[in-house]
Amino acid sequence: MKIIIHGGFFSESDQSNEVKTAKQNSLKEIARSAFEYLQSNSALDTAAYAVSLLENNELYNAGTGSQIQGDGIIRMSAAVMNGETQKMSGVINIQDVKNPVFVARELMKEDDRILGGSGAKKYATEHGFENFSTEIPKRREEYEEKLKNGGKGTVGCVAIDKDGKLAAATSTGGKGFELPGRISDSATVAGNYANSVCAVSCTGVGEDIVSNATAAKIVTRVTDGQSLEDAFAKTFDELKEIDGFAGAIAIDSKGNIYHQDSHPTMVFASFDGENFEIFN
Ligand code: ASP
């Protein structure tokens, strides 16, 4: 059993040492709580649970503390993928729910598993997810500032459970200040993908991640026999060709974990019950 989580890139406004330390401490705590949860729950439920804890923490750009889009509204996206069944479910541009990742998890039960905008919100309301504003004053101030002066931190988790099953979950408030209607990579196979061999969650510029098909490529390469290291190296070389900005975390069915980023500001933590690794 093992998990690795990421807290995205430091946002432009959040690069102080204080915030960095706060992020590292919270990642450690969340990795520990999620690992405990993994003792008696599947990789899929644990990945969703870990991401919900990250969503609840306003330090991260997902759930509470999400970035505000160009028209002043927060729209969030999240997905979960069960490596064993290879089913993915997600929400795109959902408004006013506390934990988009739990709506994505709920959708796993449906035939229509990825919902967008008002359809996603309607589904959430009908399934008991209360109206909840995820706006925090700091993001509003940043938004007002950008309006005057006319700028990232998705979260994710990949896990392997006691039965060796893999899952990935990713949640985001988006890039910040984007055009309304813009679709993030987080609820696509480029940003969040898993099968029985490998699970990957990405962060970075969604357009670059989609162009590079980052998560799906890494999983495919590992499935075809490459090591995590080689699969990441090739995929990030290809990302470089388009001058892409992204990072990813992965776990394989042997319990190996790996991470790489194109820019050195992404935050990660992994935990296997004994050892923490904290990266940034
Ligand atoms: N990947 C997210 C998006 O483009 C942003 C992020 O990772 O911070 O919507």
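The values are calculated or read from the model by the stated rules, or taken from the named source; none is laboratory data. This structure is a prediction, so every number in the text was calculated from the model and none was measured. As a convention, Cβ positions derive from the backbone with ideal geometry for all residues, glycine included, and neighbour counts pool all protein chains shown. SASA here: full protein model, heavy atoms, side chains in, ligands and nucleic acids out. Shrake-Rupley method; radii C 1.70, N 1.55, O 1.52, S 1.80 Å.
Observations on the model:
- Set of lysines near Lys162 by C-alpha distance (under 19 Å), chain-local residues within fewer than 8 positions excluded: Lys2, Lys254
- Sequence ranges 263-272, 211-220, ranked by mean other-Cβ count within 10 angstrom, highest first: 211-220, 263-272
- The calculated 222 nm mean residue ellipticity attributable to helices in the chain amounts to -11000 deg cm²/dmol, summing -39500 (n - 2.57) over DSSP H runs of n ≥ 4 and dividing by all residues.
- Cα gyration tensor shape of the chain, rounded if a/c is under 1.5, else prolate or oblate by comparing a/b with b/c: rounded
- Tensor-based shape of the range 1-115 (alpha-carbon gyration tensor, a/c under 1.5 rounded, otherwise prolate or oblate): oblate
- Over the range 201-280, accessible surface divided per residue gives 44 Å², non-protein components excluded, 1.4 Å probe.
- Surface accessible to a 1.4 Å probe, Ile242 within the full protein complex, Å²: 80 Å²
- Counted over the range 4-125, the DSSP beta bridges are approximately 65% antiparallel.
- Point-to-point label distance, Glu58-Ile73, nm (Cα→Cβ direction, 7 Å offset): 2.4 nm
- Pairwise Lys count, the range 34-128 - Cα closer than 18 Å, eight or more residues apart or different chains: 5
- Using a Förster distance of 22 Å, the FRET efficiency for Ala233-Thr265 (Cβ separation, nearest 0.05): 0.65
- In straight-distance terms, cross-link reach from Lys28 covers every one of the aspartates and glutamates whose alpha-carbon lies under 13 Å from its own, apart from those fewer than eight places away in the same chain; here that gives Glu36, Asp272, Glu274, Glu277.
- Distance from the C-alpha centroid of the range 152-228 to that of the range 113-129: 22 Å, rounded to the whole angstrom.
- Sum of side-chain charges, Phe236 neighbourhood, beta-carbon under 15 Å (Lys, Arg +1; Asp, Glu -1): -4
- A cut-off of 5 Å between modelled amide H atoms, ignoring neighbours fewer than 5 places along the same chain, links Gly116 with Ile92.
- Two-site FRET efficiency, Lys254 against Arg182, from Cβ-Cβ distance with R₀ of 51 Å, rounded to 0.05: 0.85
- Peptides 99-112, 131-144, 55-68 ordered by packing proxy, namely the average of other Cβ atoms within 10 Å per residue, highest first: 55-68, 99-112, 131-144.
- Estimated distance in nm for a label pair at Glu36 and Phe132, the labels positioned 7 Å out from Cα along Cα-to-Cβ: 2.0 nm
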